[in-house]
Structures are given as C-alpha cells and as structure tokens.
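Some notes on the structure that comes next.
The values are calculated or read from the model by the stated rules, or taken from the named source; none is laboratory data. Computed from a predicted model, the values in this text were never measured in an experiment. As a convention, Cβ positions derive from the backbone with ideal geometry for all residues, glycine included, and neighbour counts pool all protein chains shown. SASA here: full protein model, heavy atoms, side chains in, ligands and nucleic acids out. Shrake-Rupley method; radii C 1.70, N 1.55, O 1.52, S 1.80 Å.
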Amino acid sequence: MTRSRLLSLLCAMLTPVASFAGRPLTIDDAGVVEKGLYQVEVGAAGEGDSEITHWDFPAELAYGIAPSVQVNLGFGGQLEERTEILSHDEHRTDHVGGIGDLTLGGKWLLIPECPLGASHAIAASIKFPTADESRQLGSGHTDYDATWIVSRAINDNVAIHLNLGYSWIGGADCNVLHYGAALDVMLTDSLQWVGEVFSDREHHSDTPDLVMGNTGLRWTASDTLTWDIAGGARIHGESPDWQFTVGLTWQFGPLRLN
C-alpha cells in the first residue's frame, strides 16, 4: 500500500461534515432539532477497496437549544483492515482499531424560507484528536469544518438538499472542499427513498476529485424513531470502491429525574 494512497483515504474519512449527515446520507438537510428535544443517532458505517476496509461505529447526541439552533456531540469507535500486496500471490494484512475523534458542533437555521422557497442553514464542527494518529486513525490535530446547507421541498413528497463546505484538516496537508446534492422521496406514509451524489476536492494535492453516490431507505417506525440503511459506490477518483451504513435516529423530550 502506498503512503499517498493511505493519505488520500484518510483525508476522505476525516471530513468532519460526515458527523452531521441526515442519516443515512453524507449530505445534510437544513432542519434542526426542535427546541427542548434531544436526538440520538447511532449506527455502523463501512467503506473499502482492495487495500483498506474501514468501519465506523458513530454515535451522536443533538439538542435543540433555540427554535433555530441545535448543538451536537459526536463520538464512537473504528476498525480498519489494511492489506499490503507483497508479490503476485502474497500479501500481508494488518488490523487496527480504537476510538474515533470527538466532535463538537452545531447547526443554525439561518433562513427558514427564502423568496425561492428554500431553507438555508449553516453547520460548523470541531474535531478533537482523540483517535490514535500513530496508527493513522486520525489526523492528530484539531480539525474544523463549516458547511452551508440548502433544502427545498419540490412538493409534499419530494425534497432536494444541497451542501457546500470546507474542512480544515490539521497536520495531514489535505484540507478538503466538499459539496453535493441529495434527493428524498416519500414512497408511503412511513417509507422514504433517499439518494445522493457528493464530492471531495483535496487542496495541495494532485489527487483526482473523489465522487461517490449513495442510495437507501428511511423507515419511520413511530413519531420518534426512524431506521435507515444505504449503500453506495465510487463514481470517480481515488475513493473507496463501496460504502454501506445502517442505523437509527431517536428523538425524545427533556430528561426527568424525579
């Protein structure tokens, strides 16, 4: 495995915007958690190719602190299998794992509805280097991200979401411009199809732009619980050959200790 190949995949994995995705997608929507409510997102996400298979087990807690503002805390674990080709019929496989970076962030619904009928939000995050840099599981530095989000309902069943953001990834010299679009369509009262195309462009690198596509489903089991599943593949550039995620989103009211 070449060092440049590993660095390229590391940059893609470290993009902080992923922590604020509207599960099961990378692209986020402009909506925020209602004031006074909590939202928990948990799941498993994998991506890989012939050289690297990487699994994340993310968890995120969000809280609505104002009618248009939420704060987020993200954490979790990760596992990685790295294969090095030694010869035509010989290879070596290493397994590494540990905790992920701790992420603190938030989202502000800046414009609930503009004259064109779209909602505009700004999401920002800070990643603290709790992952093990020596095992190439994190950048080893504090990373930052800012993303502009636009969502617009086409009709009662269809909505489109656009993201444009920038990640400052310390230490790895691979700051990333990321952007993309997502579409969601209600198939039934409780089942929704989702799909997206997104891209990462590394600065200070000759690596071709990473472009991925994902598609999946959300199932609303109740007013407070949603299950999701999605998978995708590479469209262009040095990116994982495949992606997969499954998880759930749960919203609940204020905690009462009495």
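Kindly evaluate residue 177 against the criterion of being in contact (Cβ under 8 Å) with a residue 12 or more places away in the chain, closer than 27 Å to residue 122 by Cβ and surrounded by fewer than 16 Cβ atoms within 10 Å (Cβ to Cβ).
yes
Residues that are open to solvent by 30 Å² or more (accessible area, probe 1.4 Å) and over 14 Å from residue 103 (Cβ atoms) were ranked within segment 58-74; the one that is farthest from the chain's Cα centre (by Cα) is 67.
Evaluate segment 48-55: report whether one residue or more is farther than 18 Å from residue 123 by Cβ, at pLDDT 90 or above and either of a type in the set (Lys, Arg) or open to solvent by 40 Å² or more (accessible area, probe 1.4 Å) (or both). Within segment 48-55 (the criterion being farther than 18 Å from residue 123 by Cβ, at pLDDT 90 or above and either of a type in the set (Lys, Arg) or open to solvent by 40 Å² or more (accessible area, probe 1.4 Å) (or both)), the answer is yes, since at least one residue qualifies.
Can you tell me which residue in segment 100-158 is surrounded by the fewest Cβ atoms within 10 Å (Cβ to Cβ), limited to those that are of a type in the set (Ser, Thr, Tyr) and in contact (Cβ under 8 Å) with a residue 60 or more places away in the chain?
144
Only a single item in (1) buried (at least 18 other Cβ atoms within 10 Å of the Cβ); (2) modelled with pLDDT of 95 or more; (3) within 18 Å of residue 74 (Cβ to Cβ); (4) touching a Gly at 6+ places or on another chain (Cβ under 9 Å) is not met by residue 165, and it is number (4).
Can you tell me which residue in segment 65-88 is modelled with the lowest pLDDT, limited to those that are polar (S, T, N, Q) and in contact with a strand residue (DSSP E or B) (Cβ under 8 Å, 6 or more places away or on another chain)? Here the residue is 83.
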